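The values are calculated or read from the model by the stated rules, or taken from the named source; none is laboratory data. Only a predicted model underlies this, so the values are computations on that prediction, with no experimental measurement involved. In this analysis, Cβ positions are derived from the backbone assuming ideal geometry, glycine residues included, and neighbour counts consider all displayed protein chains. Accessible surface areas use protein heavy atoms only, side chains included; no ligands, DNA or RNA. Shrake-Rupley method; radii C 1.70, N 1.55, O 1.52, S 1.80 Å.
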Amino acid sequence: MSAFLLRLVARRVGLALLSLLLVSAMVFAITAVLPGDAATEQLGQDATPEAVAALREQLGLGQSVPVRYAHWLGRLVQGDFGRSMVSDATVSELLSSRLPNSLRLAAVTAAISIPLALVLGILAAVRRGSWFDRAVSMGTVAIVSVPEFLVATIAVLVFAVHLRWLPALSYASDISSLGQMLRAFAMPVLTLCCVTVAQMLRMTRAALIDQLEAPYIEMVRLKGATGARLVLAHALPNAIGPIANAVALSMSYLLGGVIVVETIFNYPGVSKLMVDGVAQRDIPLVQACTMIFCAGYLVLVMLADLCGILANPRLRHRR
Amino acid sequence: MPAMSDRERLHALLGEGEGERLLGALRRGLTRRELLGLLLKGGMLAAAAGSTAGLALSAHAQTPRRGGRLRVASAAASIADTLDPAKQANYTDYLRGCMLHNGLTTLDGRLAPQPELAEWFDSADARSWVFRLREGVLFHNGKALAPEDVVFSLLRHKDPATASKARVLAEQIDSVRATGPREVTVTLKQPNADLPVILGTHHFHIVPAGTTDFSAGIGTGPFRLKEFKRGLRSVVVRNERYWKPGRPYLDEIELSGLGDESARVNALLSGDLDLVGGVNPRSVARIKATAGYDVFVTRSGQYTDLDIRQDLGPGASPDFVLAMKYLFDRPRMRDAVALGYAELGNDQPIDPSHRFYFPGLPQRAYDPERARYHFRKSGLGNTVVPVVASPVAIYSVEMALMLQQAADGIGLKLDVKRMPADGYWSTYWMKSPIAFGNVNARPSADILFTQFFKSDGPWNASRWRNPHFDQLLLLARSESDEARRQQYYADMQTLIHDGAGVGIPMFLSSLDGHTTRLKGLSPVPLGGMMGAAFAEHVWLED
């Protein structure tokens, strides 16, 4: 079994590295096609031809795109993300000030949304057709259809502007006690949960119902198992594969796709860093962010697959 | 408090906005004569002017409170945020820079230079300038301000390795020398009567000699740096050894950049911020309707303009350019697009608050008949003319659509092309035959004219060539006599108004939202928050 798992992991890691390489080449090509470069964006209204030429030279933008890509790749292999083109910091410095914040927000959101989604999803599947199932299904569809900027803005208007219970902005650096953390994270986490819970919940419900209707569950029932045992010990392990994948997708979204939440609450995460990088044509920064998002996604999906395999007796014992 | 009743009287006399503007000016130490001039220029009756000038003393008497922490957000946040004055690029940088640093001079409400770190400055020929430094000024690290700090701070802009944003301005400096224990002499390549204005801008703030690492934010300014997080926020605390007695009033300021306007306004109204910049006119009613909050209006020199290239396309015909200029319904644009938070423009770039504004130039009005006449004369006929606009040039899309409607009425077909903000300046502005641009307020008429209207100016967007204008520009630059400069600049405004391919329908006001506890703001037409220099002037009331 372990040999099988090792082979699988090795293959996955190899494929992941290849994907990263392809993605980096594509991002490099796309950013090269965007109008303007770091020099013109930085100078803005001050962009005289001489100033642009001088700055291009200084930033090393004079070389051709493939040459720059090769340089960047060479440094990356040695673990160096390079220097930011527009700020006087290295990309690693910029990332290290933001990445922990993003991870913290993702972790808190995951800690709340995953158990909530799983429990609700399982209950809805078990009681499918009941008023509870219908209420949950309708509710999630309604919530997932509302764009998150609307959820966030309404939350701010209600809880911050009118009731004044919560702060409208979340500075990650001001947090020193648990109470402060709860107050600062309440609205961003609420907003993100609205998006992620719905997806995971619906996937859990669908996967579980699929299993509960399978012939082997009939067999389990005939064997005499009922209720919790039937669902948790027999049906759920078989449904964990798709559920874990849905969870992985939601988590990868939390890592890099929460730009709306970061903007509205002024939360210092990596999404805003990357958008800023794109706007300023700061290629090394954009590349580093892309690599991190992409790697995070691949790791999460791989973990989800492993979960599915380990939880599923048929896959676990395959020769 | 007597000051309050005076304030009410002033408001009753002049209206709230004008009254506050004057109070601010008085507090900065405007003389009686200057005040009278200001009022008369605004069309005030001499009687009212006289009774207002009597208030000067009580305006000063309004005692600021010491202490408190102010939370401020501006609209710009970027990973390019910097503590190096030479590299400052956005408004958040300027705001922070003014907290940490001083310049040799500072610009007042009419953008005239006033003594700051230099207690006195003069020049006989506008070419060789002598600055006498103030005594007893200390940097945050305890070092006393000396001539070599000034020499270093000015000369570093000329070094290409500094990558200074003010390098073009610094090019005219020939040498900077310490000519005494407290004296610095700046020699220019050509005379420039505006050097004290240039040295009052944010990039020319003074840093200790030999600084290469700017991360500590060492300056002579009213606040010391406590925390700096790029693209996020800065925290500064009171400089107890600041050279201006009694200043600053605040203990601490937290400055952040918050790009989303509604998020800024919400955070203000929820009590999480005390002062926010870049307020949209559409949010004003909401802020004013909330008890304890108000909006501070700065009539700034910023404008959005229509640039018609005169070297190709339809703009090659002067009649077409004139037709377009007559098609701007300026009062309607001001009221409908800017909701009244703008001043009428007259197709020349000097705004009415500027000391060199020429009020004698007749206002160009919306005149479809004249537009039709000039359009016919241009012989353009049924050709569809593309006009490029973008949200990044503030209000330009709305202005373009109003222009299109007006043009329809005279049989001129305009095709409004709305372009995304991303990459607009490098791809469309100055390149398309007709495109909207946006020009931030500049500290001096000379800089504005040199950059945007001189025949070889880098952003002469309409490619206007006028040798007479270029001549006047050089004459005015080397002229120290204020009255004669006034005359040159008046002539130049007339030339641009008549001939350049640039339509300037209005000057945009900057709006800041603030808690009513915040006092001491007065307008500086460079932009909101007193042209970024608010930090040492404001205080929080109980």
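Against the condition surrounded by fewer than 17 Cβ atoms within 10 Å (Cβ to Cβ), at pLDDT 85 or above and within 14 Å of another protein chain (Cβ to nearest Cβ), how does A:Glu93 come out, does it pass?
In short, yes.
Given the criteria open to solvent by 10 Å² or more (accessible area, probe 1.4 Å), touching a residue at least 12 places away in the same chain (Cβ under 8 Å), out of contact with any Cys (no Cβ under 8 Å at 6 or more places or on another chain) and within 14 Å of another protein chain (Cβ to nearest Cβ), does B:Thr162 qualify?
Values: open to solvent by 10 Å² or more (accessible area, probe 1.4 Å): yes; touching a residue at least 12 places away in the same chain (Cβ under 8 Å): yes; out of contact with any Cys (no Cβ under 8 Å at 6 or more places or on another chain): yes; within 14 Å of another protein chain (Cβ to nearest Cβ): yes.
So B:Thr162 fits the description; yes.
For B:Leu475, only one of the following conditions fails: (1) part of a loop (DSSP other than H, G, I, E, B); (2) open to solvent by 20 Å² or more (accessible area, probe 1.4 Å). What is its number?
(1)
Taking helices (runs of 4 or more DSSP H) that fall entirely within segment A:266-318, which contain at least 1 residues that are within 26 Å of B:Gly423 (Cα to Cα) and aliphatic (A, V, I, L, M)?
Output list reads A:270-279, A:283-311.
Filter segment B:281-338 down to residues that are surrounded by fewer than 20 Cβ atoms within 10 Å (Cβ to Cβ), more than 30 Å from B:Arg110 (Cα to Cα) and assigned by TED's automatic domain parsing to the domain that holds B:Arg370, then give me how many there are.
The total comes to 7.
Pick from segment B:155-212 the residues that are of a type in the set (Ser, Thr, Tyr) and touching a Ser or Thr at 6+ places or on another chain (Cβ under 6 Å): which of them is nearest to B:Ala86 (Cα to Cα)?
Taking the candidates together, the pick is B:Ser175.
Out of all the residues in segment A:202-213, is one or more open to solvent by 20 Å² or more (accessible area, probe 1.4 Å), under 19 Å from the mean Cα position of the chain (by Cα) and away from chain B (no Cβ under 14 Å)?
yes
Being farther than 23 Å from B:Pro349 by Cβ, surrounded by fewer than 22 Cβ atoms within 10 Å (Cβ to Cβ) and over 26 Å from the mean Cα position of the chain (by Cα) is the filter here, so list the residues in segment B:412-442 that pass it.
Hits for segment B:412-442 are B:Lys413, B:Leu414, B:Asp415, B:Val416, B:Lys417, B:Arg418.
What are the residue pairs meeting all of these: first residue in segment A:263-274, first residue more than 7 Å from chain B (Cβ to nearest Cβ), second residue among the hydroxyl-bearing types (Ser, Thr, Tyr) and outside any loop (DSSP other than H, G, I, E, B), Cβ atoms under 7 Å, and 6 or more apart or on different chains?
As it stands, the answer is A:Gly269/A:Ser102; A:Val270/A:Ser102; A:Lys272/A:Thr263, since those pairs meet every condition given.
What are the residues in segment B:515-542 that are more than 17 Å from the chain's Cα centre (by Cα) and assigned to a loop (DSSP other than H, G, I, E, B), if any? Even if it seems obvious, please write down each step before you answer.
Of segment B:515-542, the ones more than 17 Å from the chain's Cα centre (by Cα) are B:515-520, B:536-542.
Result: B:Thr516, B:Arg517, B:Gly520, B:Glu536, B:His537, B:Val538, B:Glu541, B:Asp542.
I'd like to verify a number: residues in segment B:186-223 that are assigned to a strand (DSSP E or B) and open to solvent by less than 10 Å² (accessible area, probe 1.4 Å), how many?
The qualifying residues number 3.
Of the residues A:Arg12, A:Arg104, A:Arg56, which is under 30 Å from B:Phe228 (Cα atoms), under 24 Å from the mean Cα position of the chain (by Cα), in a helix (DSSP H, G or I) and of a type in the set (Lys, Arg)?
None of the others qualify; the one that does is A:Arg104.
Taking segment B:443-453 as the search range and keeping residues that are out of contact with any strand residue (DSSP E or B) (no Cβ under 7 Å at 6 or more places or on another chain) and buried (at least 18 other Cβ atoms within 10 Å of the Cβ), which one is nearest to A:Ala51 (Cα to Cα)?
B:Gln451
Considering only segment A:129-139, how many residues are open to solvent by 30 Å² or more (accessible area, probe 1.4 Å) and touching a Leu at 6+ places or on another chain (Cβ under 7 Å)?
Here the count works out to 1.
So that you can scan it fast, the table gives a plain yes or no per residue for (1) of a type in the set (Gly, Ala, Ser); (2) more than 14 Å from every other protein chain (Cβ to nearest Cβ); (3) over 30 Å from B:Leu111 (Cα atoms):
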residue	(1), (2), (3)
B:Gly379	yes, yes, yes
B:Ala393	yes, no, no
B:Leu403	no, yes, yes
B:Thr427	no, no, yes
B:Trp459	no, no, no
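Report, ordered by the first and then the second residue, all pairs with beta carbons closer than 9 Å, sequence separation of six or more or different chains, a first member in segment A:59-88 that is farther than 21 Å from A:Leu20 by Cβ and assigned to a loop (DSSP other than H, G, I, E, B), and a second member that is open to solvent by 70 Å² or more (accessible area, probe 1.4 Å) and at pLDDT below 80.
A:Gly62/A:Arg56
Cβ-Cβ under 6 Å, sequence separation 6+ or interchain: first residue in segment A:31-43 and within 27 Å of B:Ser164 (Cβ to Cβ) and at the interface with chain B (Cβ under 7 Å from one of its Cβ atoms), partner open to solvent by less than 50 Å² (accessible area, probe 1.4 Å) and modelled with pLDDT under 70. Which pairs?
Correct list of pairs: A:Thr40/A:Ala47.
Can you list residue pairs whose Cβ atoms sit under 8 Å apart, with the first residue in segment B:304-318 being in a helix (DSSP H, G or I) and the second being open to solvent by 50 Å² or more (accessible area, probe 1.4 Å)? Count only pairs 6 or more apart in sequence or on different chains.
Listed pairs, sorted by first residue: B:Gly313/B:Pro433; B:Pro314/B:Thr383; B:Pro314/B:Pro433; B:Gly315/B:Pro433.
Criterion first (on the phi > 0 side of the Ramachandran plot and either open to solvent by 10 Å² or more (accessible area, probe 1.4 Å) or at pLDDT 90 or above (or both)) does B:Gly67 satisfy it?
Here the answer is yes, as B:Gly67 does meet what is asked.
Looking only at residues that are within 21 Å of B:Gly259 (Cα to Cα) and away from chain B (no Cβ under 13 Å) in segment A:157-190, which one is farthest from the chain's Cα centre (by Cα)?
Selected residue: A:Phe185.
Would you be able to tell me the number of residues in segment B:361-383 that are farther than 19 Å from B:Phe452 by Cβ, in a loop (DSSP other than H, G, I, E, B) and open to solvent by less than 50 Å² (accessible area, probe 1.4 Å)?
Here the count works out to 3.
Within segment A:275-309, take every residue that is within 14 Å of chain B (Cβ to nearest Cβ) and β-branched (Val, Ile, Thr) and give me the one that is surrounded by the most Cβ atoms within 10 Å (Cβ to Cβ).
A:Ile283
Mind checking which residues of segment B:85-97 are open to solvent by 10 Å² or more (accessible area, probe 1.4 Å) and under 22 Å from B:Lys158 (Cα atoms)?
Listed by number, the residues that qualify are B:Lys87, B:Ala89, B:Asn90, B:Tyr94.
Scan segment B:165-185 for residues that are surrounded by fewer than 16 Cβ atoms within 10 Å (Cβ to Cβ) and within 14 Å of chain A (Cβ to nearest Cβ) and jot them down.
Once the filter is applied, which keeps residues that are surrounded by fewer than 16 Cβ atoms within 10 Å (Cβ to Cβ) and within 14 Å of chain A (Cβ to nearest Cβ), segment B:165-185 yields only B:Glu171.
Kindly provide the set of residues from segment B:224-274 that are more than 13 Å from chain A (Cβ to nearest Cβ), open to solvent by 10 Å² or more (accessible area, probe 1.4 Å) and part of a strand (DSSP E or B), ordered by number.
Listed by number, the residues that qualify are B:Arg224, B:Leu225, B:Val237, B:Arg238, B:Glu252.
Among the residues of segment A:140-169, write down those that are under 26 Å from A:Glu213 (Cβ atoms) and either open to solvent by less than 30 Å² (accessible area, probe 1.4 Å) or not in a helix (DSSP H, G or I) (or both).
Within segment A:140-169, just A:Thr140 meets the criteria.
Would it be correct to say that B:Lys226 is without any contact (Cβ under 8 Å) to a residue 24 or more places away in the chain and of a type outside the set (A, V, I, L, M)?
Spelling it out, it is not the case that B:Lys226 is without any contact (Cβ under 8 Å) to a residue 24 or more places away in the chain and of a type outside the set (A, V, I, L, M).
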